There are 2 protein chains.
Amino acid sequence: MNIHRRLLGSILNNTISRSYGTRPPAKRSVHLMEEKKIKDFAIIESTLREGEQFANAFFDTNQKVQIAGMLNDFGVEYIELTSPAASKQSFEDCKAVASLKLNKSKILTHVRCHMDDAKLAVEAGVDGVDVVFGTSSYLRDFSHGKDISFIIKEAKKVVEYVKSEGKEVRFSSEDSFRSDLTDLLKIYSEIDNVGVDRVGIADTVGVAHPRQVYNLVKLVRQIVSCDIEFHGHNDTGCSIANSFAALEAGCTHIDTSVLGIGERNGITPLGGLIARMYTEDEELVKRKYNLKMLRDIENVVADCVSVTVPFNNYITGYSAFTHKAGIHAKAILNNPSTYEIMKPEDFGMTRFVHIAHRLTGWNAVKNRVEQLGLEMTDDQIKEATNKIKNLSDFKQQTIDDIDALLHQYHTAGANIRTANRA
Amino acid sequence: MNIHRRLLGSILNNTISRSYGTRPPAKRSVHLMEEKKIKDFAIIESTLREGEQFANAFFDTNQKVQIAGMLNDFGVEYIELTSPAASKQSFEDCKAVASLKLNKSKILTHVRCHMDDAKLAVEAGVDGVDVVFGTSSYLRDFSHGKDISFIIKEAKKVVEYVKSEGKEVRFSSEDSFRSDLTDLLKIYSEIDNVGVDRVGIADTVGVAHPRQVYNLVKLVRQIVSCDIEFHGHNDTGCSIANSFAALEAGCTHIDTSVLGIGERNGITPLGGLIARMYTEDEELVKRKYNLKMLRDIENVVADCVSVTVPFNNYITGYSAFTHKAGIHAKAILNNPSTYEIMKPEDFGMTRFVHIAHRLTGWNAVKNRVEQLGLEMTDDQIKEATNKIKNLSDFKQQTIDDIDALLHQYHTAGANIRTANRA
């Protein structure tokens, strides 16, 4: 075992945990799950900006006001709105939502790095302006040094203007992971110097994976003193893990949208980020957010954009707390944390142990017998379990089918018990 | 700029790229995306095992044969089936699928680490046996050293038996990330010594994040000489990123299921892993798999288990290649790779540039004018774009609405052109 201890010690000390001393622990149990790096984070909820870029999305003013109100009650720190420069109504909607004076969420709008757009944003009365520079191809076309001075000059002007109006301001690049790294860092550093509140790192095309995100955020963290925001698309399924890696590396703000709606297949979903962060620090997440509202918010947004909540949605998907295989069901009945890392009741959800199938086990069936208040011996339950498996081999069973079968045993037993007493 | 260069150099050399020499590059553009760590990987497709544990799933024999055939044609390296010990029909189904003698996919079944189950598996005629030990609580209850000798003894017996029958064998722990690490490594090491083909690392409860997965796989990679398999649940949205991190750390086999179906909200989805790996190494993925089959396979499985393919599904979700915001649409029309990291045609999909909304821009509208073969000046197109924005502010527009509007300009123009000719 010593070789494992030594290996473990050297690797754990380097890469996993900072809580150990110079020697690996001698007596206590060693787990990979111990370390918590993230003290706090803020959500920039972008359903009303990025989400409006989802194929189906069209939010009218009333819907925007309703969704903003619900997100505020949920407790997100920021709500981001479509640019007031996009259309006349978009400007009016910014004003309408900003005038709500929500008690928990600050209102942001997301504009191009132009003075015209920045002025419209200020005029709309939002609390802060999220400025984004240009397009990815624009950034990629830089040769070293060329055009950077132009970007920096423009950005400084806009940032200084927004600050002078007493608003929060963020400066973000686009497609940060395919941009030239030295240029990117130079821009962030210069913008930080003029007092920007946040710089934004964006995986606009969903190409990055967590190690890359961690490394880039870590670099930026060493170069700027302001906050750092991460915006990640989900084309290759990494948006939640990327957001988490960003936070681990020192990022402070994460962009989300309800159900992840956005351009193409969208960005980090609010519910998914909540699941990830709850698992990391349950108390922090429960203190910050009204978790029982999540399902209602998702249903309202799904209705607005005419989609069905995915069957496998985080937390609120209809099978998220369903347990099926016999071995899982047995353990979950003994101790839910064996196969559940989130408590369904924290989200207003309920656990379901599914027994009407051929993978079931007798412990799960016994639990159902007890739920139904039936009297059956363990041998009878085992026999009934085999019958369920056999029936399910030929046709999908319902819980009603199974309950009827269990009632038969109980009734037969009751007849015997009555006969014995007579 | 020098401070950035130096910082970059020191950090890149340590953590990002191994392709640089001792000094950071002086002249060429620096990107975070350059490094490729993964040379190859194999998919263990578990729709017919893990997927059968999805709440809705009931696959009859014909469906199993159909799905196995399609997965083989797609090119997955392995197909994993429900334990022959689960029910009589499960045994028959193992035999039926094994007897297909598929030309690309080996057939595995997944059994508890018991001789009885292992014998049934061998009898069913599969190519390999995936053995899993006990339950998470069982593993967690270990105190150091206690009971490990029992596990190892049992596992060795089973592994040696399966090998003696000329079959592939894998040994996996369960809930690996909440197990005692020294115990886990000792077990893997001992099982490796008796010639197991693969050891399996399982995030059974979906609690792990990529850095933990990377670190654990890296540890195991240094302790065993056999292959390493990763199985990850998606409760906190990290299954794809975790699978990728596992591969980066030296893992060789990844478990997937079609649409990710499995216990609770499931595991790494086949399509999501494909999206991630295509982005990492397009040529490798195109060489290994018949990508155009992905959508059909997903539709067949979705039908079998009565779910709708999620609106935001990787690659095949209906908006995965839809571009909406004006700035995105303009860039994508100039060069698709600006906002697309996967070519839709590689998957038999098509790109859609959405223009019937208030976020549209005149370049996208111009593209539609050209598609329709209409004659309009740039000024007219800009005017039409403003009309589209105004109309969309009040009511969601359809592409038919927009086409009609554009035709009006064309017809009006044609009348003028005709009048001028007359």
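The values are calculated or read from the model by the stated rules, or taken from the named source; none is laboratory data. Bear in mind that the values here come from a model prediction, so they are computed numbers and not experimental data. Positions of Cβ are backbone-derived with ideal geometry, glycine not excepted, and every protein chain shown enters the neighbour counts.
In table form, for the structure just shown:
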read-out: Hits in the range A:198-227 - residues which are assigned to a loop (DSSP other than H, G, I, E, B) and within 11 Å of chain B (Cβ to nearest Cβ); value: A:THR204, A:VAL205, A:GLY206, A:VAL207, A:ALA208, A:HIS209
read-out: Search result, residues across the range A:50-89 that are surrounded by 24 or more Cβ atoms within 10 Å (Cβ to Cβ), more than 14 Å from chain B (Cβ to nearest Cβ) and part of a helix (DSSP H, G or I); value: A:ALA68, A:LEU71
read-out: In the range B:341-352, residue nearest to A:SER87 (Cα to Cα) [restricted to those that are within 11 Å of chain A (Cβ to nearest Cβ) and in contact (Cβ under 8 Å) with a residue 60 or more places away in the chain]; value: B:ILE341
read-out: The range A:242-290 - residue that is in contact with a strand residue (DSSP E or B) (Cβ under 8 Å, 6 or more places away or on another chain) and among the charged types (D, E, K, R) and, of those, nearest to A:ALA68 (Cα to Cα); value: A:ASP255
read-out: Leading residue by the ranking (surrounded by the most Cβ atoms within 10 Å (Cβ to Cβ)) among those in the range A:165-190 that are over 23 Å from the mean Cα position of the chain (by Cα) and of a type in the set (Ser, Thr, Tyr); value: A:SER179
read-out: Residue count for the range A:354-369, restricted to those that are within 11 Å of chain B (Cβ to nearest Cβ) and either of a type in the set (A, V, I, L, M, F, W, C) or touching a helix residue (DSSP H, G or I) at 6+ places or on another chain (Cβ under 7 Å) (or both); value: 6
read-out: Qualifying positions in the range A:362-419 - of a type in the set (Lys, Arg) and touching a strand residue (DSSP E or B) at 6+ places or on another chain (Cβ under 9 Å); value: A:ARG368
read-out: Failed criterion for A:GLU283 (all others in (1) part of a helix (DSSP H, G or I); (2) buried (at least 22 other Cβ atoms within 10 Å of the Cβ); (3) charged (D, E, K, R) hold); value: (2)
read-out: For B:ALA245: the one exception among (1) in contact (Cβ under 8 Å) with a residue 40 or more places away in the chain; (2) part of a helix (DSSP H, G or I); (3) among the small types (Gly, Ala, Ser); value: (1)
read-out: Residues of the range B:323-353 satisfying the condition of being at pLDDT 90 or above and either touching a Lys or Arg at 6+ places or on another chain (Cβ under 7 Å) or under 19 Å from A:ARG49 (Cβ atoms) (or both); value: B:PRO344, B:ASP346, B:PHE347, B:GLY348
read-out: In the range B:308-332, the residues that are touching a helix residue (DSSP H, G or I) at 6+ places or on another chain (Cβ under 7 Å) and farther than 30 Å from B:LYS39 by Cα; value: B:THR308, B:VAL309, B:HIS323, B:LYS324, B:ALA325, B:GLY326, B:ALA329, B:LYS330, B:ALA331, B:ILE332
read-out: Odd one out for A:ASP40 among (1) among the charged types (D, E, K, R); (2) in contact with a Gly (Cβ under 7 Å, 6 or more places away or on another chain); (3) surrounded by fewer than 19 Cβ atoms within 10 Å (Cβ to Cβ); value: (2)
read-out: The range A:174-192, residues that are within 7 Å of chain B (Cβ to nearest Cβ), among the charged types (D, E, K, R) and within 22 Å of A:ALA241 (Cα to Cα); value: A:ARG178
read-out: Whichever residue in the range B:258-277 is within 8 Å of chain A (Cβ to nearest Cβ) and farther than 18 Å from B:GLU80 by Cα and, among such residues, is surrounded by the fewest Cβ atoms within 10 Å (Cβ to Cβ); value: B:ARG276
read-out: Test for A:ILE402: is it assigned to a helix (DSSP H, G or I) and either under 38 Å from the mean Cα position of the chain (by Cα) or within 25 Å of B:GLN63 (Cβ to Cβ) (or both); value: yes
read-out: In the range A:314-340, the residues that are over 30 Å from A:ASN56 (Cβ atoms), at the interface with chain B (Cβ under 7 Å from one of its Cβ atoms) and either touching a residue at least 24 places away in the same chain (Cβ under 8 Å) or of a type in the set (A, V, I, L, M, F, W, C) (or both); value: A:HIS323, A:LYS324, A:ALA325, A:ILE327, A:ALA331
read-out: Residues satisfying the stated conditions in the range B:287-308, i.e. within 13 Å of chain A (Cβ to nearest Cβ) and either in a loop (DSSP other than H, G, I, E, B) or polar (S, T, N, Q) (or both); value: B:VAL305, B:SER306, B:VAL307, B:THR308
read-out: A:ASP255 being surrounded by fewer than 24 Cβ atoms within 10 Å (Cβ to Cβ) and in contact (Cβ under 8 Å) with a residue 60 or more places away in the chain; value: no
read-out: Criterion (within 29 Å of B:PHE58 (Cβ to Cβ), without any contact (Cβ under 8 Å) to a residue 40 or more places away in the chain, crowded, with 24+ Cβ neighbours inside 10 Å and more than 9 Å from chain A (Cβ to nearest Cβ)) met by exactly one of B:PHE230, B:PHE311; value: B:PHE230
read-out: Tally of residues being at pLDDT 60 or above and over 15 Å from B:GLU298 (Cα atoms) across the range B:32-51; value: 12
read-out: Pairs with Cβ under 6 Å, 6+ apart, first in the range A:276-293 and over 19 Å from B:GLY237 (Cβ atoms), second assigned to a helix (DSSP H, G or I); value: A:ASN290/A:PHE74; A:MET293/A:PHE74
read-out: Lone qualifier among A:ILE332, A:ILE416 - being within 41 Å of the chain's Cα centre (by Cα) and of a type in the set (Val, Ile, Thr); value: A:ILE332
read-out: Within the range A:90-99, tally of residues that are within 12 Å of chain B (Cβ to nearest Cβ) and either assigned to a loop (DSSP other than H, G, I, E, B) or buried (at least 23 other Cβ atoms within 10 Å of the Cβ) (or both); value: 2
read-out: Filter pass, B:GLY195 being touching a residue at least 60 places away in the same chain (Cβ under 8 Å) and away from chain A (no Cβ under 11 Å); value: no
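Results for (1) farther than 18 Å from B:ALA320 by Cβ; (2) surrounded by fewer than 19 Cβ atoms within 10 Å (Cβ to Cβ); (3) of a type in the set (A, V, I, L, M), shown as yes or no for each residue.
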site: B:THR350; (1), (2), (3): no, yes, no
site: B:GLU370; (1), (2), (3): yes, yes, no
site: B:MET376; (1), (2), (3): yes, no, yes
site: B:GLU383; (1), (2), (3): yes, yes, no
site: B:LYS389; (1), (2), (3): yes, no, no
site: B:LYS395; (1), (2), (3): yes, yes, no
